[in-house]
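Take a look at the structure set out below.
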Ligand code: ATP
Ligand code: MG
């Protein structure tokens, strides 16, 4: 079976619809056909100021959400990044391979650091895409299912893999991004030029899976829409309506064309009302299941312990090979 790997940061109390449609939904589908590794990226969550108590809770809630959304720990390897020391270890190696200028060109770093004063921006935040390259390469996956915002980081990962192979001998296979067209970028409901984001979206702009479903429906009804009244997909001129249509299509499996026909002669209000209900119906069972998983944190930790064991086997193998090629003495 070809291997896939991906991760998500425990940087909020809930995942949002973009995380699900852009990434986690594909993770669930791929576990059937691929040797799948998925992890909670807690090392990345400390690149910005964080509260340890919250982080612990959010890590477990993240796992609970993955299970509620359909990940099966018997088919996919589910683990927490910090429990596999090889991530930090290969991360250092990658830092010694990545160029300062190269890392400086990462647009997510530029965006995330722009909001803070220079002395608050950590070296860790700067190095985050480089650690991410290590996260990926440790598992030697063929595909990495992510949203569009991760494309540049995947390119960096491929470049670093290639550079290592050329300099020290082949240890990695450059992985490919697996990005689905229709849902690669779900936009903020209040600011449809920006992606929906855990850390940057305003409460009104983000559909959190664990929100009260009534609140989610209301947020859809108050989404920013565009001038005109026709329900048509037009990313350039009608980003707000187009975003709603993408979400609608993804959650119902109905083609955008079909939706445009169905809403002919109706207005934005009808579209939003219907989509509000669709979203509420989608999140309701997820929310209930997350609650029941959270009632038994010991069981979650057991799932993670099993995942860590499997992940570590693969990660340790890769790191040993890398250390050898670098000229480190054996016996780590
Ligand atoms: P943060 O703001 O803390 O970076 P995030 O919302 O970007 O949080 P991540 O944990 O960084 O979420 O990303 C998890 C996965 O979700 C990644 O594969 C990412 O590409 C995908 N993703 C994030 N936001 C969106 C979005 N708006 N549309 C589609 N996919 C998304
Ligand atoms: Mg992100």
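Couple of notes before you dig in:
- Acute angle (nearest 10 degrees) that the helix 239-252 long axis makes with the longest principal axis of the chain, alpha-carbon atoms: 80 degrees
- Of the peptides 55-63, 232-240, the ranking by mean beta-carbon count within 10 Å, highest at the top, reads 55-63, 232-240.
- Averaged over residues, the count of other Cβ atoms within 10 Å places the peptides 188-201, 308-321 in the sequence 188-201, 308-321, highest first.
- Rounded, prolate or oblate (a/c below 1.5 giving rounded, otherwise prolate when a/b exceeds b/c) for segment 90-198 by Cα gyration tensor: oblate
- Tilt relative to the chain, helix 151-168 - C-alpha long axis, 0 to 90 degrees, to 10: 10 degrees
- Rounded tilt (10° steps) of 297-326 against the dominant C-alpha axis of the chain: 50 degrees
- Helical mean residue ellipticity (222 nm; -39500 (n - 2.57) per DSSP H run of 4+; nearest 500) of the chain: -16500 deg cm²/dmol
- Taken over the chain, the convex hull of the Cα atoms encloses 141 Å³ per residue.
- Global geometry of segment 20-170, whether rounded, prolate or oblate, following the gyration tensor of its Cα atoms and the 1.5 cut on a/c: oblate
- Listed peptides 157-163, 110-116, 287-293 by packing density, highest first (mean Cβ within 10 Å): 157-163, 287-293, 110-116
- Top of 155, 89, 264 by mean-square fluctuation, Gaussian network on the chain, Cα under 10 Å: 264
FYI, it's all coordinate maths here, none of it is from the lab. From a predicted model like this one, the values you see are computed outputs, not experimental measurements. Using ideal geometry, Cβ is built from the backbone for each residue, glycine included, and neighbour counts are taken over all protein chains shown.
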